[in-house]
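Participant: Handing you this structure, nothing more for now.
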Amino acid sequence: MLRFIQILSYGLLNGALYSLVALGLSLVFGVMNYLMVAHGGLIMLAAYTTFWAFFYTHMDPFLFILVVTPLFFIIGWILFKVLFQSLMKFPEGEKIKNSLLISFGLLLIFSNLAILFWTADERAVTTIYSGKVLDVFGVRLPYIGLGGVAIAIIVISALHLFLTRTYFGKAIRAVSLDHEAATLMGINVSKVCLVAFSIGFALAGIPGVITSLHAFNPAISFELTNKALIVLILAGVGSIKGVLIGGFFLGAIEAAGVYLVGTPYREVFGLILFVLILMFRPQGLAGKRA
Amino acid sequence: MRQLLLFLALVICLALMPLVITKVYVLNLIILICLYTILSHSWNILGGYTGQISLGHSTFFGIGALIFRYLWTLGIPPYLALCGASISSLLLASVIGFPAFKLKGHYFAIGTLALSMIGSITVQNIFPGVSFPPPQFLSKYDLVPIYYMALTVAVITIGLVSFLNRSKLGLAFVCIRDEEDAAESIGINTFKYKVISMTLSALIAGLGGGLFSFYVASYYYYVPFELGWSFDPVLIASIGGAGTVAGPVLGSIVFVILKELFAISLGQMNVLIFGIVFIFTVLFLPKGLIGILEMIQGVKTLRMPLRRGHDPS
Amino acid sequence: MDSGKSSKKVIRWTWVLVLTMTLAIAPTAFAQAPATIRLGAVIALTGAMASGGKDVRDGYEIAVKHINDAGGVFVKEYNKKIPIELIILDDESDSVKTTTRLDKLDSVDKVVCYLGGFSSDLNVVGMSTAEKNKVPWIGVTVATEAPFKKGYRYIFVPFSLASDQVITFFDFLDSIPKEQRPVKLGHMELQVDWGKECGDHIRDMAKKRGYTIVADQKYAPPTKDFSSIILDLKSAGADVVFSVPTPPQSIMIVKQMKELNYAPKVTLFIRGPDLSTYWAAMGKDANYIISDGNWHESMPYPGNERVVKDYRAKYPDVSSIGIPVGCSYAAMQILAKAIEMAGTLDREKLRNTIAKVEMMTVRGPIKFRENGSAFIKYGFRQWQDGKNVQIWPKEVAIAKPLLAPPWDKR
């Protein structure tokens, strides 16, 4: 029994990371219908930046979140203006298709830039609290994992409050629902998209920092993007709360998978359940019915 | 009619190549172009024409490769094994198609992505080793039969898609892509046509998988199931021009030739430069490479007519 | 005078014929020596296998530099030393590109011999391409035994096999004094051919060598969470662990072992911890981890010092040099020796000569078997205080193996 709880706890801690990974992607997709597949690449770059900051300055990774987030916000701002702004004037179908293609090009560029600057060797950040755990009745909970859970809850709640309580947040939600109606309401849609996109980039910084505390290399860009897409759809498009639920849910299912079908098929178990859930609830766990 | 003659002339030239060319490398590149054409057209049928963006084609490709390899090692001649391979993909598609089409749009895309991930992990676990060709194959190796198989399958694929381009079946597909609800309301059984589209698509992908297995003598079993084989056809068909006959072909040619050129001359930076060139192509040719053809020839008949809701070309 | 005129004509035409034939065959009689000996390699410089790919490339490049500094390889057929030209192409860690680009090296560049790339996954493709093109192939970082059972003639792999690794593993354990020796073996089997071959050898040999397998768990390359496996190993009381994880897993398993407070006396992860960046990633938690020791910079074999010096001149910040560097250097040494012995650049003759090469390289003595694998000396390295030192075999060890204490006592 203890063993099961231990495995489940690890699953939930992973789940927190999954939520954070999907968060930025979900926001950008909800607002603009852009599937920003380069998101995994951003997270990977954030992990490398954290690693080098730690290597040279010994700055604690969790503190570094305060640096990485605004840094990536600015990068997102610039990239949107340079690459994606020109797409805004195209009709819907072409806009989505081309943004997808550009994102994929960016993904290739990010992973290869990483190989050029830092080589493809496996990296990780190991701090003095790596490996240390909180022992709760025999269940060992790593501090780093707990930190991830705390951050996931804080960030997602903060984002939710931002979207529901602030004027700009409401503008973002209006734009997600209907671009034309939002324009008619006097909202500067392109400005909103620009800011939402940049926030999406900024949100990639946070899981990047946590990933750096595990292990990473340039190839994880693709794995992370896949994970983000799965959680996005599991959560349901347009729901930020859903992302939190979806991430934890996926983590828990994978843990159950280890228990039931063994480690080699852990992801398969999660994916099969994901597909089954989609069959019976095509809008995802918390999505709105189309 | 003119296009058909041009196409036939090209095919004959390519068929005569092995007699003229001494450098096997050129034949290799043509085989690769054929392989990517086949795979991206297979996606194109489901994604470009029917509008169902699938990210699961690596599974059909992989099953094609697996079954082809299996039948071939049993001693069955390659072209028969190829038929067997495509039939197995077809069977798999009809099984998946029924539940899959409950999903729409992005949900369908990510659902198929999940399927290809399931396929890739499962195959890696069940077959963790190397798939070797039949004994004696390597000592008597000859690229020419592989070249002809590549050409044959590519021609069949292009023929099928151009047939679709002007047929009622193709029109049904395009209606589903452009306005699914309207299509339903005028009596088109969208579910039935989506399943047909997926099975055709899988059939072609299975042929592609068989070709892969015939071409790459030894490889790890998991390789044709890798997700790259799901993403590449989407990229190639899209950058070439989805929903057209020439688009995926142009896309494949550029993809293969450009990547080779970069790999040979740019060393470690080759994929990076490719990514940059790719982005520039998207920015400056938003309609895809087929836009170049249209600019040169002023031809608009390559594209399927009646695309409401999209920019009328 | 007619017969005289016609016989003159005959003589004239015969003379013209003889001259023409002489002119035609003259160039081939004085065979021009090629300007360089062209060799080709397709290596993973981008993509998932890029980390080891650069080490393989570096070893080849240093070897070529050393050979060319001495003027090249002496080829008897042309009676002179000819420098080596090594063409390296990226395969993007993609099997299809490996075969296409190797074909280019053969049909366009007409290389004399192929050199291998990185990782079994891609090398297997390279080996079959070499076989079908009938070009000799010499490469390293192939640990799976399957290709050697196929009757290939053109492949040569001066590197360890799964059986070498497992036998040496038990030899190493035997060397630990009986009171401290761990005998309860925990095995984590990676679901790839190499992992399964190691597993089969371990299961065959454990009992005979006096060890008991108390936990035998499977995992796959995408696995990221090892909590279940580690808990099993821990509860079974395994005090020695053997596995061949991927580089990311070699980091994550150890981190999770620390979190779950599991510290076996011996942790042997053949792949992963040998990368020079392991210490930078893990810090002190890397201590005591044992990994592959096919080659080490401290090895006393002739020529090794020079390799290390040149490598460190190029990469001054590296804490330990990756094993592929020395191994690929040795592969080039063997090839150069074979060309010299053969006296020709003919592929078939070269192939036959490589098979007979028996020499001392920077990684020790090498001799090939008929199936292309080699008799080599295999060993292990261990991380001790930031240095990845050779601890086995005793003849080349520069430090004593250390058994790991529990986590809280480190």
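The values are calculated or read from the model by the stated rules, or taken from the named source; none is laboratory data. None of the values given here were measured: they were computed from a predicted structure. When we count neighbours, we look across all protein chains shown, and the Cβ atoms used for this are built from the backbone with ideal geometry, even at glycine.
Participant: Could you list all residues from the stretch C:167-220 that are of a type in the set (S, T, N, Q) and not in a loop (DSSP other than H, G, I, E, B)?
Facilitator: The first filter runs over the stretch C:167-220 and keeps only residues of a type in the set (S, T, N, Q), leaving C:168, C:175, C:180, C:191, C:212, C:217.
Of everything in the stretch C:167-220, those that are of a type in the set (S, T, N, Q) and not in a loop (DSSP other than H, G, I, E, B) turn out to be C:THR168, C:THR212, C:GLN217.
Participant: Go over the candidates B:GLY210, B:GLY288 one by one and state the one that is under 20 Å from the mean Cα position of the chain (by Cα) and either away from chain A (no Cβ under 11 Å) or touching a residue at least 60 places away in the same chain (Cβ under 8 Å) (or both).
Facilitator: Exactly one of B:GLY210, B:GLY288 is under 20 Å from the mean Cα position of the chain (by Cα) and either away from chain A (no Cβ under 11 Å) or touching a residue at least 60 places away in the same chain (Cβ under 8 Å) (or both), namely B:GLY210.
Participant: Moving on to the next point. Let me confirm something: among C:GLY303, C:GLY326, C:GLY364, C:GLY379, which residue is crowded, with 21+ Cβ neighbours inside 10 Å and at positive phi?
Facilitator: C:GLY364
Participant: Looking at (1) facing chain A (nearest Cβ under 8 Å); (2) modelled with pLDDT of 95 or more, can you tell me which one C:LEU275 breaks?
Facilitator: Unmet condition: (2).
Participant: Just to be sure before I move on: is B:ALA81 of a type outside the set (Phe, Trp, Tyr), buried (at least 24 other Cβ atoms within 10 Å of the Cβ) and not in a loop (DSSP other than H, G, I, E, B) in the structure I sent?
Facilitator: When the stated conditions are applied, B:ALA81 does not pass them.
Participant: Please enumerate the residues belonging to the stretch A:169-191 that are under 21 Å from A:PHE90 (Cα atoms), in contact (Cβ under 8 Å) with a residue 12 or more places away in the chain and hydrophobic (A, V, I, L, M, F, W, C).
Facilitator: Correct list: A:ILE172, A:ALA174, A:VAL175, A:ILE187, A:VAL189.
Participant: Also, I was wondering about something else. Go through (1) modelled with pLDDT under 90; (2) over 19 Å from B:ILE33 (Cα atoms) for B:TYR220 and report which single condition fails.
Facilitator: (1)
Participant: Return the residue satisfying two criteria in turn: it lies in the stretch C:43-75 and is charged (D, E, K, R) and in contact (Cβ under 8 Å) with a residue 24 or more places away in the chain, and of such residues it is farthest from A:LEU113 (Cα to Cα).
Facilitator: Out of the qualifying residues, it is C:LYS65.
Participant: Between B:SER230, B:SER197, which is among the small types (Gly, Ala, Ser), farther than 30 Å from C:THR129 by Cα and crowded, with 22+ Cβ neighbours inside 10 Å?
Facilitator: B:SER197
Participant: Return the total of residues in the stretch A:238-290 being within 11 Å of chain C (Cβ to nearest Cβ), in contact (Cβ under 8 Å) with a residue 12 or more places away in the chain and not in a helix (DSSP H, G or I).
Facilitator: Residues that pass the stated criteria total 0.
Participant: Within the stretch C:376-406, track down each residue that is in contact with a Phe, Trp or Tyr (Cβ under 8 Å, 6 or more places away or on another chain) and under 20 Å from C:VAL142 (Cα atoms).
Facilitator: Selection gives C:ILE376, C:GLY379, C:PHE380.
Participant: Which members of the stretch B:15-62 meet the condition of being surrounded by fewer than 21 Cβ atoms within 10 Å (Cβ to Cβ) and of a type in the set (S, T, N, Q)?
Facilitator: If the condition is that a residue be surrounded by fewer than 21 Cβ atoms within 10 Å (Cβ to Cβ) and of a type in the set (S, T, N, Q), then B:THR22 is the only one that fits.
Participant: Here's something else I'd like to know. Please go through the stretch A:160-169 and pick out each residue that is in a helix (DSSP H, G or I) and closer than 18 Å to A:SER198 by Cβ.
Facilitator: Answer for the stretch A:160-169, where residues must be in a helix (DSSP H, G or I) and closer than 18 Å to A:SER198 by Cβ: A:PHE162, A:LEU163, A:TYR167, A:PHE168, A:GLY169.
Participant: Restricting attention to the stretch B:214-248, report how many residues are among the hydroxyl-bearing types (Ser, Thr, Tyr) and more than 10 Å from chain C (Cβ to nearest Cβ).
Facilitator: So the count comes out to 3.
Participant: So which of C:SER228, C:SER243, C:SER276 is touching a strand residue (DSSP E or B) at 6+ places or on another chain (Cβ under 6 Å) and among the polar types (S, T, N, Q)?
Facilitator: None of the other options fit; the residue is C:SER243.
Participant: For A:LEU134, work out the one condition from (1) buried (at least 21 other Cβ atoms within 10 Å of the Cβ); (2) within 14 Å of chain C (Cβ to nearest Cβ) it doesn't fulfil.
Facilitator: (1)
Participant: Right, another one. Could you grab the pairs with beta carbons closer than 7 Å, sequence gap of 6+ or different chains, first residue in the stretch C:312-326 and under 18 Å from C:VAL140 (Cβ atoms), second one among the hydrophobic types (A, V, I, L, M, F, W, C) and not in a loop (DSSP other than H, G, I, E, B)?
Facilitator: Going by the 7 Å Cβ cut-off, the qualifying pairs are C:ILE321/C:VAL308; C:PRO324/C:VAL56; C:GLY326/C:VAL307.
Participant: Exactly one of these conditions fails for A:LEU213: (1) farther than 28 Å from A:ALA114 by Cα; (2) within 14 Å of chain C (Cβ to nearest Cβ); (3) surrounded by 24 or more Cβ atoms within 10 Å (Cβ to Cβ). Give me its number.
Facilitator: (1)
Participant: Looking for whichever is within 14 Å of chain C (Cβ to nearest Cβ), part of a helix (DSSP H, G or I), surrounded by 20 or more Cβ atoms within 10 Å (Cβ to Cβ) and without any contact (Cβ under 8 Å) to a residue 60 or more places away in the chain here; the options are A:LEU116, A:LEU101, A:LEU108. Which one fits?
Facilitator: Numbers: A:LEU116 fails: surrounded by 20 or more Cβ atoms within 10 Å (Cβ to Cβ); A:LEU101 fails: within 14 Å of chain C (Cβ to nearest Cβ).
None of the others qualify; the one that does is A:LEU108.
Participant: Testing A:TYR18 on (1) away from chain C (no Cβ under 14 Å); (2) under 11 Å from the mean Cα position of the chain (by Cα), one condition comes back false. Which one is that?
Facilitator: (1) is the only condition that A:TYR18 fails.
Participant: Sort out which residues of the stretch C:83-118 are surrounded by fewer than 20 Cβ atoms within 10 Å (Cβ to Cβ) and either over 22 Å from the mean Cα position of the chain (by Cα) or more than 14 Å from every other protein chain (Cβ to nearest Cβ) (or both), and write them in order of number.
Facilitator: Result: C:PRO83, C:GLU85, C:SER107, C:VAL108, C:ASP109, C:LYS110.
Participant: Return the residues of the stretch C:335-344 that are surrounded by fewer than 21 Cβ atoms within 10 Å (Cβ to Cβ) and either touching a Pro at 6+ places or on another chain (Cβ under 6 Å) or in contact (Cβ under 8 Å) with a residue 60 or more places away in the chain (or both); say none if nothing qualifies. First the steps, then the outcome.
Facilitator: At the first step, the residues of the stretch C:335-344 found to be surrounded by fewer than 21 Cβ atoms within 10 Å (Cβ to Cβ) are C:337, C:340-341, C:343-344.
Matches in the stretch C:335-344: C:GLU340, C:GLY343, C:THR344.
Participant: Filter the stretch C:149-189 down to the residues that are farther than 23 Å from C:THR246 by Cα and aromatic (Phe, Trp, Tyr), then identify the one that is farthest from the chain's Cα centre (by Cα).
Facilitator: Looking at residues that are farther than 23 Å from C:THR246 by Cα and aromatic (Phe, Trp, Tyr), I get C:TYR152.
Participant: Something else: Spot the failing condition for B:PHE137; the list is (1) at pLDDT below 90; (2) surrounded by fewer than 18 Cβ atoms within 10 Å (Cβ to Cβ), and only one is missed.
Facilitator: Failed condition: (2).
Participant: Going through the stretch C:220-253 one residue at a time, which ones are within 10 Å of chain A (Cβ to nearest Cβ), among the polar types (S, T, N, Q) and within 25 Å of the chain's Cα centre (by Cα)?
Facilitator: Within the stretch C:220-253, C:THR246, C:GLN249, C:SER250 meet the criteria.
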